[in-house]
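The values are calculated or read from the model by the stated rules, or taken from the named source; none is laboratory data. Model, not experiment: these values are computed from the prediction. So basically every Cβ, Gly included, is an ideal-geometry build from the backbone, and we count neighbours across all protein chains shown. Each accessible area value is taken on the protein alone, full model and side chains, heavy atoms only, with ligands, DNA and RNA left out. Shrake-Rupley method; radii C 1.70, N 1.55, O 1.52, S 1.80 Å.
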Amino acid sequence: MLKYDIIREGDESILRINCLDLPFFPSLEDEPRLMSMLVDILVEVGKITQIVFVQKRDIEYDETQAMLMSEIAHLYKTLVKDRALFSLVSSGCENWVSPKLATLQNILYGALKEDPISAYVQLKRLARDEQMQVSSGVISQEGVLCLRKYVQFVNQVIQSLEQTKLIQLAQPFLAGFSLGDRSIYRRLFSPLIKPDFMFTKLMAAVPAEGHELAAYQVGNTEVTIFQLPGTVQYLYHLVPVEFKLSYEKYELVDAARSILSEHKPKRSEFVDPQRMREVFMSVGSDLLEELAAQRGMHLRSKEIAELADVLVRYTVGFGLIETLLADEKVQDVTINSPMGRSPMFLVHSEFGDCRTNIIPTVPEGESWASKLRMISGRPLDEANPILDTELILPDVRARVAAISAPLNPSGLAFALRRHRDKPWTLPLFINNKMINSLAAGVLSFLVDGSRTLLVAGTRSSGKTSLLGSVMVEIMRRSRIITIEDTLELPCDALRKLNYNIQSMKVASAMTRGTNEVSADEGIRTTLRLGDSSLIVGEVRSVEAQALYEAMRVGALANVVAGTIHGDSPYGVFDRVVNDLKVPRTSFKATDVIVVANPVRSPDGIHKRRRVTQITEVRKHWEDDPLRENGFVDLFKYDPETDELQPTDSLLRGDSEVLKAIAGSVKEWAGDWDAVWDNILLRAKLKERLVKVANDSKNFDLLEADFYVMANDEFHRVSERVREETGKLDSDKIFFEWSAWLEREIKKWKKS
């Protein structure tokens, strides 16, 4: 019999069976020999809640699947002790029963352990054949009595089997069943698989009843989206490279991990996680190469690099979290407590809310929490049960929120918001219909006019992404200062595009006991850092008063913008004035509120992010802007057209904010038609860029690196045309800019 241990954790009894010496992979669904061995063990140990086979990886069957086998083991144990079968022989029925005894024994003491479904089918066929013989009328009365007792015993065993959950679940699939066919077991048993070197468990089996909706590759990882019967929730099923390694490679990675785990990274190393990963990647590659040579393994450079990447992810990295975040279509990842009981969930850009086939464990969660504490320098303990920080991985960034006891009594939980690899731009938003070209033209005009904007919306509405696209609209010759408690804005990307940008990180409103500067003090500091546009990641607490102080002091010199939670302009006013205690008169420093909200499809399953309102804040009201017509909508979302529509106020030029911008420009002062013409020109340029990108299938044209060049060219052409003609001739500007666009596209094609 195989060696095993019983591990008791609270109400759980985990049976761990050592399968290292088995000549086959330990799979209940595929291996009758393993099923037979398990029944023998369960007869000894009794009821358990989890079965784990250990063979270079942990193959784990949960409580439901363990119960299926426990019932079979209990029935087998009962039959072994039951002497009713043998009493038939000693009751004068030897001549009738003895010839049949060997067949029945083979079923009950052999097939029942290794293939209970086949055993059940055999017993049903056996009972049917014997009953036909009893009813045939060709045997003696004595034989009939003996065979009836025999058939009665067989039927009792059949009834006992039919009371087990395994046979009940198998019943719908028994039509046309062939003895020895284990396809039904593959429907009923789906283990979680975890290599030795990692804690996370994976439901590797593809759902038998699942309907495949999509399949694609993320690097070396296979991703499949399934629709499951009985639920509106989709399954995001992935098979990463570490689950496809050979046993030899598993051993190699596990040995290397054991050596590297002796080094405990310090806080100072996590200050530059990218550099730390590079060091571990180099050290890991050398270590793997050395261990492979010692074992006589010949690995190519590509294989070493692949194994080193796995090694880094499971030492100083974040395991399968990194694999999920590498998928550009993943927007949010949530990990609920208690760890080990439920899978990770995510939000997919195409399929919405999905559950995954990944189940993280308690040790994994504690490892992530420890690394996040070191990365952020912020506490996560009983005194500070909330941690907000950012996670910077190769080619991807994410915002992370972690909670622990006592706020979360069942342990650790995490929520991750994946940031796009590149900054969002207004043309990208036009392309995915979050905003239309006319509204984008107005926002561009407002940014160049140095207005104050608040981007409002509910959670997951795209506020921060939209604010990032506003930053891209700012001309590169202007200085930008950003203030965030968790770094989400695309500062690094804009810095690489030669923006003059300074980012500042301040203390989170929910964190205590750190040396970080408070948000309100950070905002006030920006007023001493020179002439700059001010971008605030999110207005949450007392920093609102400092932000409005900055707006009132410097709003007319540069753009001041930020995000805030609120589903309408009045919701923003209510939060700013009543919740955050900003004086009513100070709120008037807000020029425009842009509201972004998710819009649900009629079936309630899908969500689309849309800008639903662009509203200017007028200055003449005293107490309540809603009651005193202090809010004037420039755009409103129309659900029938699924698009922002300009209001009559905008179309007839009834916008004090836009007129105020025009008043400081000689060519526009007092001329609404000239202002509107310039807005239409900006909209037309963006629309043209989107059309060219779609026609050529070259969507790189909408990305920040090209769009910033296009925006710069617009300003250069505008200045040149104004000097040549004495006015901003929109037709001439559009013609010259379009000619530039054609030339640049040709250059990009050649490169």
Gain upon complete extension [Glu667, Glu742; 0.36 nm per residue less C-alpha separation]: 24.1 nm
Sites Thr103 and Val206 - FRET efficiency at Förster radius 41 Å, r taken between beta-carbons, to 0.05: 0.65
Potential lengthening between Glu723 and Glu350 on full extension [0.36 nm per residue; Cα-Cα distance subtracted]: 129.5 nm
Radius, Kirkwood style, for the range 361-483 when every pair of distinct Cα atoms is counted (Å): 17.1
Estimated distance in nm for a label pair at Arg584 and Arg600, the labels positioned 7 Å out from Cα along Cα-to-Cβ: 3.6
Sequence-distant aspartates and glutamates (8 or more away, or on other chains) whose Cα lies within less than 20 Å of Lys581: Asp520, Glu521, Glu538, Glu543, Glu549, Asp567, Asp591, Glu622, Asp623, Asp624
Magnitude of the charge dipole, the chain, Cβ model with Lys/Arg +1 and Asp/Glu -1, debye to 20: 240
Candidate lysines - alpha carbon under 22 Å from Lys149, same-chain residues fewer than 8 apart omitted: Lys77, Lys81, Lys100, Lys124
Under 28 Å from Lys249, Cα to Cα: lysines that are on another chain or at least 8 residues apart: Lys3, Lys56, Lys194, Lys201, Lys264, Lys302, Lys371
Mean ellipticity per residue at 222 nm, deg cm²/dmol - from DSSP H runs of n ≥ 4 across the chain, formula -39500 (n - 2.57): -13500 deg cm²/dmol
Accessible area in square angstrom per residue, the chain, 1.4 angstrom probe: 45
Positive-pole candidate from Val312, Ser258, Leu288, dipole of the chain, charges at beta carbon: Leu288
Rounded percent of accessible protein surface that carbon and sulfur make up, the chain, 1.4 Å probe: 49
Efficiency of FRET from Cβ geometry, Asn694 and Arg300, R₀ 35 Å, rounded to 0.05: 0.30
Label point distance in nm, Asp5-Met709, each placed 7 Å from Cα along Cα→Cβ: 6.1
Segment Lys77-Asp574, length gained on full extension (0.36 nm per residue, minus Cα span): 171.9 nm
List Glu622, Glu364, ordered by accessible area with a 1.4 Å probe, largest first: Glu622, Glu364
R0 of 41 Å, Cβ-Cβ distance Lys124-Arg459: FRET efficiency to nearest 0.05: 0.15
Folded to 0 to 90 degrees: helix 543-554 orientation relative to the chain principal axis, Cα: 30
Cα long-axis angle, helix 94-106 against the chain (0 to 90 degrees, to the nearest 10): 30
Rough spin-label spacing in nm, given labels placed 7 Å along Cα→Cβ, for Leu22 and Val279: 4.2
Charge-dipole axis of the chain as Lys and Arg at +1 and Asp and Glu at -1 on Cβ define it, positive-most pick from His715, Gly457, Ile225: Ile225
Distance violations [Cα-Cα > 20 Å] among Lys691/Lys747; Lys619/Lys684; Lys727/Lys747: Lys619/Lys684; Lys727/Lys747
Bridge type composition, the chain - antiparallel percent by DSSP, nearest 5: 70
